[in-house]
Amino acid sequence: MAMTILKAPLINTIVKRCYANKGVALSIRGPEIQTKKLPNNTYVVAVPNYPTNLGRISVTFLSGSRYEDPENTGLTHLLRSSAGLSTQSSSTFAILRNLGHLGANYFVTSDREAITYTIEAHKNNLLSSLRYYIDSISNQKFKPWELSDNLKRLEYDILTISPESRVLDLAHKAAYRNGLGNTVFLPKYNINKLGSEHLLYYAKKNLNNNNAIISGVGVDLDTLVHISEDLNLPNGESNCASKAKYYGGGDIRKSTPIDTTYLAVVTEGVRYKDSQSASFAVLEFLLGKGSSTKWGVGQGVLEQNILKTNATENFSVSSVNFNYSDSGLFGFLLAYNGKDVSQVLKAAVQSLKSPIITDSEVNRAKNQLIYSLVEASESGAKTLENITNQAVVARGVLPFGKLIAAVEAVTVDDVKKVASKVASSKLTLAGYGNIAQTPYLDDL
(Lines give C-alpha, C1' and ligand atoms only; values in the text may rest on other atoms or scores of the structure.)
Protein backbone atom coordinates (compact mmCIF):
# COMPACT_ATOMS: atom_id res chain seq x y z
CA MET A 1 0.00 0.00 0.00
CA ALA A 2 1.22 3.48 -0.74
CA MET A 3 1.24 6.59 1.37
CA THR A 4 1.01 10.10 0.01
CA ILE A 5 2.12 12.90 2.28
CA LEU A 6 4.06 15.31 0.09
CA LYS A 7 1.29 16.70 -2.00
CA ALA A 8 1.70 19.51 -4.47
CA PRO A 9 -0.73 22.40 -3.90
CA LEU A 10 -4.07 21.55 -5.40
CA ILE A 11 -4.05 24.45 -7.81
CA ASN A 12 -0.93 22.92 -9.33
CA THR A 13 -2.44 19.57 -10.05
CA ILE A 14 -6.23 19.53 -10.20
CA VAL A 15 -6.56 19.50 -13.95
CA LYS A 16 -7.31 17.43 -16.98
CA ARG A 17 -6.04 17.70 -20.53
CA CYS A 18 -8.78 17.77 -23.16
CA TYR A 19 -8.53 18.01 -26.92
CA ALA A 20 -10.90 19.41 -29.52
CA ASN A 21 -12.49 17.13 -32.05
CA LYS A 22 -9.57 17.51 -34.44
CA GLY A 23 -7.20 16.36 -31.70
CA VAL A 24 -4.86 19.36 -31.70
CA ALA A 25 -6.38 22.24 -29.74
CA LEU A 26 -6.45 22.28 -25.97
CA SER A 27 -9.91 22.90 -24.55
CA ILE A 28 -9.65 25.33 -21.68
CA ARG A 29 -13.06 24.21 -20.45
CA GLY A 30 -11.66 20.91 -19.29
CA PRO A 31 -13.71 17.79 -18.62
CA GLU A 32 -17.29 17.57 -17.50
CA ILE A 33 -17.35 17.21 -13.73
CA GLN A 34 -20.49 15.94 -12.07
CA THR A 35 -21.09 16.32 -8.35
CA LYS A 36 -23.89 15.32 -6.04
CA LYS A 37 -24.53 15.28 -2.32
CA LEU A 38 -26.53 12.21 -1.40
CA PRO A 39 -29.30 12.12 1.22
CA ASN A 40 -26.93 10.23 3.53
CA ASN A 41 -24.48 13.21 3.31
CA THR A 42 -21.92 11.36 1.19
CA TYR A 43 -20.36 13.66 -1.41
CA VAL A 44 -19.95 12.19 -4.92
CA VAL A 45 -17.85 13.60 -7.76
CA ALA A 46 -17.35 12.01 -11.19
CA VAL A 47 -15.48 12.66 -14.44
CA PRO A 48 -17.44 10.23 -16.63
CA ASN A 49 -16.12 11.09 -20.09
CA TYR A 50 -12.39 10.82 -19.48
CA PRO A 51 -10.74 9.32 -22.62
CA THR A 52 -9.41 6.06 -21.18
CA ASN A 53 -10.25 2.37 -21.09
CA LEU A 54 -9.53 2.27 -17.37
CA GLY A 55 -12.07 3.02 -14.70
CA ARG A 56 -10.84 4.48 -11.43
CA ILE A 57 -12.79 4.84 -8.20
CA SER A 58 -11.82 6.25 -4.81
CA VAL A 59 -13.68 6.11 -1.51
CA THR A 60 -12.26 8.72 0.84
CA PHE A 61 -12.93 9.40 4.51
CA LEU A 62 -12.12 12.60 6.39
CA SER A 63 -10.15 10.71 9.00
CA GLY A 64 -6.49 11.63 8.52
CA SER A 65 -3.83 11.94 11.18
CA ARG A 66 -5.08 15.36 12.33
CA TYR A 67 -8.06 13.59 13.94
CA GLU A 68 -5.93 11.20 16.01
CA ASP A 69 -5.64 11.46 19.78
CA PRO A 70 -2.18 11.49 21.40
CA GLU A 71 -2.61 7.95 22.72
CA ASN A 72 -3.42 6.50 19.27
CA THR A 73 -0.80 8.35 17.22
CA GLY A 74 -0.20 6.57 13.93
CA LEU A 75 -3.53 4.76 13.88
CA THR A 76 -4.37 6.07 10.39
CA HIS A 77 -1.05 4.67 9.16
CA LEU A 78 -1.90 1.31 10.73
CA LEU A 79 -5.40 1.40 9.21
CA ARG A 80 -3.91 2.05 5.77
CA SER A 81 -1.39 -0.75 6.15
CA SER A 82 -4.16 -3.16 7.21
CA ALA A 83 -6.28 -2.60 4.11
CA GLY A 84 -6.95 -5.76 2.14
CA LEU A 85 -6.89 -8.11 5.12
CA SER A 86 -9.74 -10.55 5.73
CA THR A 87 -13.27 -9.20 5.99
CA GLN A 88 -16.53 -10.66 7.24
CA SER A 89 -17.10 -12.50 3.96
CA SER A 90 -13.70 -12.68 2.18
CA SER A 91 -10.25 -13.87 3.17
CA THR A 92 -7.10 -11.97 2.30
CA PHE A 93 -6.27 -14.67 -0.24
CA ALA A 94 -9.69 -14.36 -1.88
CA ILE A 95 -9.39 -10.57 -2.15
CA LEU A 96 -5.90 -10.68 -3.65
CA ARG A 97 -6.58 -13.61 -5.96
CA ASN A 98 -9.83 -12.29 -7.39
CA LEU A 99 -8.64 -8.73 -7.84
CA GLY A 100 -5.46 -10.03 -9.45
CA HIS A 101 -7.43 -12.30 -11.75
CA LEU A 102 -9.46 -9.29 -12.90
CA GLY A 103 -6.31 -7.22 -13.48
CA ALA A 104 -7.31 -4.67 -10.87
CA ASN A 105 -4.96 -2.43 -8.91
CA TYR A 106 -6.05 -1.73 -5.33
CA PHE A 107 -4.15 0.64 -3.05
CA VAL A 108 -4.69 2.95 -0.10
CA THR A 109 -3.20 6.36 0.64
CA SER A 110 -3.43 8.57 3.70
CA ASP A 111 -2.36 12.03 4.78
CA ARG A 112 -3.24 14.63 7.38
CA GLU A 113 -6.77 15.19 6.13
CA ALA A 114 -8.04 11.85 4.87
CA ILE A 115 -7.58 8.18 4.04
CA THR A 116 -8.44 7.03 0.50
CA TYR A 117 -9.19 3.54 -0.86
CA THR A 118 -8.65 3.40 -4.64
CA ILE A 119 -9.26 0.74 -7.27
CA GLU A 120 -8.26 0.77 -10.94
CA ALA A 121 -9.30 -1.75 -13.58
CA HIS A 122 -10.28 -2.08 -17.21
CA LYS A 123 -13.84 -0.86 -17.59
CA ASN A 124 -14.92 -4.36 -18.64
CA ASN A 125 -13.72 -5.74 -15.29
CA LEU A 126 -14.29 -2.83 -12.96
CA LEU A 127 -17.83 -3.73 -11.90
CA SER A 128 -16.80 -7.33 -11.22
CA SER A 129 -14.01 -6.16 -8.89
CA LEU A 130 -16.27 -3.88 -6.86
CA ARG A 131 -17.54 -6.74 -4.70
CA TYR A 132 -14.14 -7.26 -3.09
CA TYR A 133 -13.30 -3.55 -3.09
CA ILE A 134 -16.47 -2.59 -1.23
CA ASP A 135 -16.13 -5.53 1.14
CA SER A 136 -12.58 -4.52 2.09
CA ILE A 137 -13.77 -1.02 3.04
CA SER A 138 -17.00 -1.51 4.93
CA ASN A 139 -16.59 -5.02 6.40
CA GLN A 140 -13.06 -4.98 7.81
CA LYS A 141 -12.45 -7.37 10.73
CA PHE A 142 -8.81 -6.66 11.73
CA LYS A 143 -8.16 -10.16 13.04
CA PRO A 144 -5.36 -10.05 15.67
CA TRP A 145 -3.34 -12.87 14.10
CA GLU A 146 -3.43 -11.19 10.70
CA LEU A 147 -2.30 -7.91 12.22
CA SER A 148 0.60 -9.77 13.85
CA ASP A 149 1.54 -11.31 10.50
CA ASN A 150 1.42 -7.83 8.97
CA LEU A 151 3.95 -6.35 11.41
CA LYS A 152 6.98 -7.17 9.27
CA ARG A 153 5.51 -5.34 6.29
CA LEU A 154 4.59 -2.43 8.54
CA GLU A 155 8.12 -2.22 9.95
CA TYR A 156 9.55 -2.31 6.43
CA ASP A 157 7.16 0.46 5.43
CA ILE A 158 8.44 2.62 8.29
CA LEU A 159 12.09 1.90 7.48
CA THR A 160 11.66 2.98 3.86
CA ILE A 161 10.15 6.41 4.58
CA SER A 162 12.21 8.93 2.64
CA PRO A 163 14.26 11.62 4.44
CA GLU A 164 12.31 14.29 2.55
CA SER A 165 9.06 12.97 3.98
CA ARG A 166 10.59 12.76 7.44
CA VAL A 167 11.80 16.36 7.51
CA LEU A 168 8.50 17.71 6.17
CA ASP A 169 6.68 15.73 8.85
CA LEU A 170 8.92 17.36 11.47
CA ALA A 171 8.22 20.79 9.94
CA HIS A 172 4.48 20.26 10.40
CA LYS A 173 5.06 19.21 14.00
CA ALA A 174 7.09 22.33 14.73
CA ALA A 175 4.63 24.60 12.92
CA TYR A 176 1.33 23.33 14.32
CA ARG A 177 2.30 21.23 17.39
CA ASN A 178 -0.98 19.28 17.22
CA GLY A 179 -3.82 18.69 14.76
CA LEU A 180 -2.11 19.25 11.43
CA GLY A 181 1.11 18.82 13.38
CA ASN A 182 0.30 15.18 14.15
CA THR A 183 2.72 12.82 12.47
CA VAL A 184 1.41 10.80 9.53
CA PHE A 185 3.66 7.88 10.47
CA LEU A 186 3.16 5.18 13.06
CA PRO A 187 5.78 5.69 15.81
CA LYS A 188 7.85 2.65 16.76
CA TYR A 189 6.58 2.80 20.34
CA ASN A 190 3.01 2.26 19.10
CA ILE A 191 3.66 -0.62 16.70
CA ASN A 192 2.90 -3.29 19.30
CA LYS A 193 0.56 -1.12 21.37
CA LEU A 194 -2.17 -0.46 18.79
CA GLY A 195 -4.19 -3.47 17.70
CA SER A 196 -7.50 -4.89 16.59
CA GLU A 197 -9.72 -3.13 19.14
CA HIS A 198 -8.19 0.26 18.35
CA LEU A 199 -8.73 -0.23 14.62
CA LEU A 200 -12.30 -1.44 15.00
CA TYR A 201 -13.20 1.54 17.18
CA TYR A 202 -11.45 4.04 14.90
CA ALA A 203 -13.08 2.60 11.77
CA LYS A 204 -16.54 2.57 13.35
CA LYS A 205 -16.14 6.17 14.50
CA ASN A 206 -14.65 7.65 11.31
CA LEU A 207 -15.61 5.50 8.31
CA ASN A 208 -19.19 6.73 8.00
CA ASN A 209 -21.44 8.47 5.48
CA ASN A 210 -20.90 11.94 6.91
CA ASN A 211 -17.14 11.66 6.39
CA ALA A 212 -17.29 9.91 3.00
CA ILE A 213 -16.39 11.18 -0.47
CA ILE A 214 -16.78 8.90 -3.49
CA SER A 215 -14.98 9.96 -6.67
CA GLY A 216 -14.40 8.37 -10.04
CA VAL A 217 -12.75 8.93 -13.42
CA GLY A 218 -14.12 7.09 -16.43
CA VAL A 219 -17.11 6.10 -14.29
CA ASP A 220 -20.56 7.70 -14.42
CA LEU A 221 -22.21 9.36 -11.45
CA ASP A 222 -24.96 6.74 -11.14
CA THR A 223 -22.40 3.98 -10.63
CA LEU A 224 -20.80 5.93 -7.80
CA VAL A 225 -24.21 6.47 -6.20
CA HIS A 226 -24.82 2.70 -6.31
CA ILE A 227 -21.42 2.14 -4.67
CA SER A 228 -22.51 4.39 -1.82
CA GLU A 229 -25.62 2.26 -1.37
CA ASP A 230 -23.63 -1.00 -1.47
CA LEU A 231 -21.10 0.28 1.06
CA ASN A 232 -23.95 0.63 3.53
CA LEU A 233 -21.87 2.82 5.81
CA PRO A 234 -23.18 3.84 9.25
CA ASN A 235 -24.53 7.35 9.81
CA GLY A 236 -21.95 8.54 12.29
CA GLU A 237 -20.94 12.05 13.22
CA SER A 238 -18.90 14.27 10.93
CA ASN A 239 -15.30 14.76 11.96
CA CYS A 240 -14.75 18.33 13.05
CA ALA A 241 -11.19 19.16 14.03
CA SER A 242 -10.38 22.36 15.87
CA LYS A 243 -9.07 25.06 13.54
CA ALA A 244 -5.38 24.64 12.86
CA LYS A 245 -3.18 27.26 14.50
CA TYR A 246 0.21 28.12 13.06
CA TYR A 247 2.60 28.86 15.93
CA GLY A 248 5.86 29.38 14.07
CA GLY A 249 9.28 29.92 15.58
CA GLY A 250 9.79 26.20 16.13
CA ASP A 251 13.15 24.53 15.58
CA ILE A 252 13.06 20.75 15.56
CA ARG A 253 15.71 18.36 14.25
CA LYS A 254 16.66 14.72 14.32
CA SER A 255 20.18 13.43 13.79
CA THR A 256 20.57 10.21 11.81
CA PRO A 257 23.69 8.43 10.42
CA ILE A 258 23.44 9.64 6.82
CA ASP A 259 25.72 12.02 4.91
CA THR A 260 23.09 14.41 3.60
CA THR A 261 21.45 17.25 5.50
CA TYR A 262 17.72 17.65 4.86
CA LEU A 263 16.19 20.95 5.91
CA ALA A 264 12.68 22.37 5.67
CA VAL A 265 12.00 26.04 6.35
CA VAL A 266 8.34 27.05 6.30
CA THR A 267 6.11 30.00 7.16
CA GLU A 268 2.35 30.32 7.42
CA GLY A 269 0.60 29.82 4.08
CA VAL A 270 -3.08 29.82 3.19
CA ARG A 271 -5.92 27.33 3.03
CA TYR A 272 -6.98 26.03 -0.36
CA LYS A 273 -10.10 28.21 -0.67
CA ASP A 274 -8.28 31.41 0.30
CA SER A 275 -8.48 34.24 -2.23
CA GLN A 276 -4.66 34.40 -2.31
CA SER A 277 -4.06 30.70 -3.04
CA ALA A 278 -3.36 31.36 -6.75
CA SER A 279 -0.85 34.09 -5.85
CA PHE A 280 0.92 31.73 -3.46
CA ALA A 281 1.09 29.11 -6.22
CA VAL A 282 2.72 31.63 -8.59
CA LEU A 283 5.18 32.65 -5.86
CA GLU A 284 6.00 28.97 -5.38
CA PHE A 285 7.04 28.63 -9.00
CA LEU A 286 8.86 31.96 -8.88
CA LEU A 287 11.01 30.59 -6.06
CA GLY A 288 11.54 27.43 -8.05
CA LYS A 289 10.41 23.83 -8.36
CA GLY A 290 13.66 22.49 -9.80
CA SER A 291 14.93 22.34 -13.36
CA SER A 292 12.55 22.15 -16.31
CA THR A 293 15.13 20.23 -18.34
CA LYS A 294 17.15 17.13 -17.54
CA TRP A 295 20.48 17.97 -15.90
CA GLY A 296 19.57 21.65 -16.24
CA VAL A 297 19.92 24.43 -13.70
CA GLY A 298 16.74 25.55 -12.00
CA GLN A 299 15.28 28.88 -13.03
CA GLY A 300 13.91 29.69 -9.59
CA VAL A 301 15.19 32.38 -7.25
CA LEU A 302 16.12 29.81 -4.58
CA GLU A 303 18.55 27.83 -6.72
CA GLN A 304 20.06 30.89 -8.39
CA ASN A 305 20.88 32.51 -5.04
CA ILE A 306 22.42 29.33 -3.66
CA LEU A 307 24.62 29.03 -6.75
CA LYS A 308 25.99 32.51 -6.00
CA THR A 309 27.40 31.22 -2.71
CA ASN A 310 29.75 28.91 -4.66
CA ALA A 311 28.58 25.96 -2.58
CA THR A 312 31.27 23.28 -2.54
CA GLU A 313 28.93 20.27 -2.62
CA ASN A 314 25.84 19.14 -4.50
CA PHE A 315 22.48 20.44 -3.39
CA SER A 316 18.82 20.24 -4.29
CA VAL A 317 16.19 22.80 -3.38
CA SER A 318 12.49 23.21 -4.09
CA SER A 319 9.73 25.43 -2.80
CA VAL A 320 6.83 23.76 -1.00
CA ASN A 321 3.25 24.90 -0.66
CA PHE A 322 0.72 22.94 1.39
CA ASN A 323 -2.94 23.97 1.18
CA TYR A 324 -5.23 22.34 3.74
CA SER A 325 -8.90 22.89 4.51
CA ASP A 326 -8.21 25.55 7.14
CA SER A 327 -4.54 26.46 6.96
CA GLY A 328 -1.36 26.11 4.94
CA LEU A 329 2.43 26.09 4.96
CA PHE A 330 4.77 27.80 2.51
CA GLY A 331 8.54 27.53 2.29
CA PHE A 332 11.28 25.35 0.85
CA LEU A 333 12.91 21.95 1.16
CA LEU A 334 16.72 21.80 0.92
CA ALA A 335 19.09 18.84 0.70
CA TYR A 336 22.83 19.48 0.96
CA ASN A 337 25.77 17.12 1.12
CA GLY A 338 28.48 19.26 2.70
CA LYS A 339 29.74 20.95 5.86
CA ASP A 340 29.21 24.53 4.67
CA VAL A 341 25.46 24.14 5.01
CA SER A 342 25.13 27.38 6.95
CA GLN A 343 25.79 29.71 4.00
CA VAL A 344 23.58 27.64 1.72
CA LEU A 345 20.70 27.70 4.17
CA LYS A 346 21.08 31.44 4.80
CA ALA A 347 21.01 32.12 1.04
CA ALA A 348 17.80 30.10 0.70
CA VAL A 349 16.16 31.86 3.66
CA GLN A 350 17.11 35.21 2.17
CA SER A 351 15.44 34.19 -1.09
CA LEU A 352 12.31 33.18 0.80
CA LYS A 353 12.07 36.42 2.75
CA SER A 354 13.22 38.84 0.01
CA PRO A 355 12.68 37.29 -3.43
CA ILE A 356 13.31 39.27 -6.60
CA ILE A 357 9.85 39.91 -8.07
CA THR A 358 9.78 41.38 -11.56
CA ASP A 359 7.37 41.25 -14.47
CA SER A 360 9.55 38.74 -16.30
CA GLU A 361 9.91 36.48 -13.24
CA VAL A 362 6.17 36.52 -12.55
CA ASN A 363 5.37 35.76 -16.20
CA ARG A 364 7.87 32.91 -16.17
CA ALA A 365 6.34 31.49 -12.99
CA LYS A 366 2.80 31.77 -14.35
CA ASN A 367 3.76 30.02 -17.58
CA GLN A 368 5.43 27.19 -15.68
CA LEU A 369 2.43 26.86 -13.37
CA ILE A 370 -0.01 26.68 -16.29
CA TYR A 371 2.22 24.11 -17.98
CA SER A 372 2.25 22.13 -14.73
CA LEU A 373 -1.54 22.26 -14.61
CA VAL A 374 -1.83 20.89 -18.14
CA GLU A 375 1.01 18.36 -17.87
CA ALA A 376 -0.33 16.87 -14.64
CA SER A 377 -3.61 16.10 -16.38
CA GLU A 378 -2.05 13.49 -18.66
CA SER A 379 -2.75 10.77 -16.10
CA GLY A 380 -6.22 9.56 -15.25
CA ALA A 381 -4.84 8.54 -11.86
CA LYS A 382 -3.70 12.10 -11.19
CA THR A 383 -7.05 13.44 -12.30
CA LEU A 384 -8.78 11.18 -9.78
CA GLU A 385 -6.34 12.11 -7.04
CA ASN A 386 -6.81 15.78 -7.67
CA ILE A 387 -10.61 15.93 -7.81
CA THR A 388 -10.59 13.85 -4.63
CA ASN A 389 -8.20 16.25 -2.90
CA GLN A 390 -10.36 19.21 -3.90
CA ALA A 391 -13.45 17.52 -2.52
CA VAL A 392 -11.61 16.79 0.73
CA VAL A 393 -10.42 20.33 1.44
CA ALA A 394 -13.22 22.31 -0.22
CA ARG A 395 -16.23 19.99 -0.67
CA GLY A 396 -16.30 21.09 -4.28
CA VAL A 397 -14.31 20.86 -7.50
CA LEU A 398 -13.27 23.87 -9.58
CA PRO A 399 -13.48 23.54 -13.38
CA PHE A 400 -10.20 23.62 -15.28
CA GLY A 401 -11.06 26.93 -16.92
CA LYS A 402 -11.45 28.66 -13.56
CA LEU A 403 -8.08 27.36 -12.39
CA ILE A 404 -6.34 28.74 -15.47
CA ALA A 405 -8.23 32.03 -15.16
CA ALA A 406 -7.20 32.36 -11.52
CA VAL A 407 -3.53 31.93 -12.47
CA GLU A 408 -3.72 34.34 -15.40
CA ALA A 409 -5.37 36.97 -13.21
CA VAL A 410 -2.44 37.08 -10.77
CA THR A 411 -0.49 40.34 -11.05
CA VAL A 412 2.97 41.40 -9.93
CA ASP A 413 1.39 43.34 -7.06
CA ASP A 414 -0.51 40.23 -5.96
CA VAL A 415 2.74 38.25 -5.78
CA LYS A 416 4.48 41.04 -3.89
CA LYS A 417 1.64 41.09 -1.35
CA VAL A 418 1.90 37.38 -0.59
CA ALA A 419 5.71 37.60 -0.56
CA SER A 420 5.41 40.36 2.05
CA LYS A 421 3.07 38.13 4.04
CA VAL A 422 5.65 35.33 3.93
CA ALA A 423 8.44 37.71 4.98
CA SER A 424 6.48 38.91 8.02
CA SER A 425 5.52 35.41 9.19
CA LYS A 426 7.54 33.54 11.79
CA LEU A 427 9.91 30.98 10.30
CA THR A 428 9.84 27.32 11.32
CA LEU A 429 12.89 25.10 10.83
CA ALA A 430 13.10 21.30 10.71
CA GLY A 431 16.25 19.26 10.13
CA TYR A 432 16.89 15.58 9.48
CA GLY A 433 20.04 13.59 8.79
CA ASN A 434 23.53 15.04 9.20
CA ILE A 435 22.56 18.17 11.12
CA ALA A 436 25.78 18.76 13.10
CA GLN A 437 26.65 21.91 11.12
CA THR A 438 23.11 23.22 10.75
CA PRO A 439 22.57 26.69 12.23
CA TYR A 440 19.70 27.27 14.59
CA LEU A 441 16.69 29.34 13.65
CA ASP A 442 17.75 32.38 15.68
CA ASP A 443 21.02 32.48 13.71
CA LEU A 444 19.30 32.88 10.35
(message) Within the stretch 178-286, considering only strands (runs of 3 or more DSSP E) that don't extend past its boundaries, which have at least 2 residues that are of a type in the set (Val, Ile, Thr)?
(response) 212-217, 261-268
(request) Residues being over 28 Å from Asn211 (Cα atoms), open to solvent by less than 30 Å² (accessible area, probe 1.4 Å) and charged (D, E, K, R): count how many of those fall in the stretch 138-187. (result) 0
(request) With respect to Ser342, determine if the residue is in contact with a Pro (Cβ under 6 Å, 6 or more places away or on another chain), in a helix (DSSP H, G or I) and touching a residue at least 24 places away in the same chain (Cβ under 8 Å). (result) yes
(request) Looking only at the stretch 373-401, count how many residues are under 20 Å from Val320 (Cβ atoms) and surrounded by 21 or more Cβ atoms within 10 Å (Cβ to Cβ). (result) 6
(message) Whether any residue in the stretch 12-25 is at pLDDT 90 or above, of a type outside the set (A, V, I, L, M), open to solvent by 40 Å² or more (accessible area, probe 1.4 Å) and out of contact with any helix residue (DSSP H, G or I) (no Cβ under 7 Å at 6 or more places or on another chain) is what I want to check.
(response) no
(request) Please work out which one of (1) open to solvent by less than 60 Å² (accessible area, probe 1.4 Å); (2) without any contact (Cβ under 8 Å) to a residue 24 or more places away in the chain; (3) outside the structural domain of Ser425 (by the TED database); (4) of a type outside the set (Asp, Glu) is the condition Cys240 fails and give its number. (result) (1)
(request) Could you check Val412 against (1) at pLDDT below 95; (2) more than 23 Å from Val265 (Cβ to Cβ) and say which number it fails? (result) (1)
(message) If I ask for residues that are open to solvent by 30 Å² or more (accessible area, probe 1.4 Å) and closer than 20 Å to Asp157 by Cβ, which ones from the stretch 93-105 would you list?
(response) Leu96, Asn105
(message) Give me the residue from the stretch 402-424 that is open to solvent by less than 20 Å² (accessible area, probe 1.4 Å) and in contact with a Ser or Thr (Cβ under 9 Å, 6 or more places away or on another chain) and, out of that set, farthest from Tyr262 (Cα to Cα).
(response) Val410
(message) It is to be established whether one or more residues within the stretch 306-318 are in contact (Cβ under 8 Å) with a residue 40 or more places away in the chain and either outside the structural domain of Val44 (by the TED database) or closer than 24 Å to Val415 by Cα (or both).
(response) yes
(request) Please work out which residue is most open to solvent (accessible area, probe 1.4 Å), limiting yourself to the stretch 256-286 and to residues that are over 20 Å from the mean Cα position of the chain (by Cα) and of a type in the set (Val, Ile, Thr). (result) Ile258
(request) May I ask you to list the residues in the stretch 411-444 that are of a type in the set (Gly, Ala, Ser), assigned to a loop (DSSP other than H, G, I, E, B) and closer than 24 Å to Glu361 by Cβ? (result) Ser425
(request) Among the residues of the stretch 110-137, write down those that are acidic (Asp, Glu) and either over 24 Å from the mean Cα position of the chain (by Cα) or open to solvent by less than 20 Å² (accessible area, probe 1.4 Å) (or both). (result) Glu113, Asp135
(request) Consider Leu444 carefully, then state whether it is under 24 Å from the mean Cα position of the chain (by Cα) and not β-branched (Val, Ile, Thr). (result) no
(message) Looking at Gly331, Gly338, Gly288, Gly300, can you tell me which residue is under 29 Å from Ala244 (Cβ atoms), in contact with an Asp or Glu (Cβ under 8 Å, 6 or more places away or on another chain) and not assigned by the TED database to the domain that holds Val45?
(response) Gly288
(message) Checking the structure you have, find out if any residue of the stretch 99-116 is out of contact with any Asp or Glu (no Cβ under 8 Å at 6 or more places or on another chain), part of a strand (DSSP E or B) and of a type in the set (A, V, I, L, M).
(response) yes
(request) From (1) under 27 Å from Leu147 (Cβ atoms); (2) surrounded by fewer than 17 Cβ atoms within 10 Å (Cβ to Cβ), pick out the condition that doesn't hold for Asn209. (result) (2)
(request) Determine whether Thr438 is open to solvent by less than 20 Å² (accessible area, probe 1.4 Å) and polar (S, T, N, Q). (result) yes
(message) Against the definition (under 26 Å from Asn389 (Cβ atoms), among the small types (Gly, Ala, Ser), out of contact with any Lys or Arg (no Cβ under 6 Å at 6 or more places or on another chain) and not assigned by the TED database to the domain that holds Ile161), how does Ser277 come out, yes or no?
(response) yes
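The values are calculated or read from the model by the stated rules, or taken from the named source; none is laboratory data. The structure presented is a predicted model; accordingly, all values stated were derived computationally and were not measured. Note that each Cβ is placed from the backbone with ideal geometry, even for glycine, and that neighbours are counted across all protein chains shown. The area values use the complete protein model at the heavy-atom level, side chains included, leaving out ligands, DNA and RNA. Shrake-Rupley method; radii C 1.70, N 1.55, O 1.52, S 1.80 Å.
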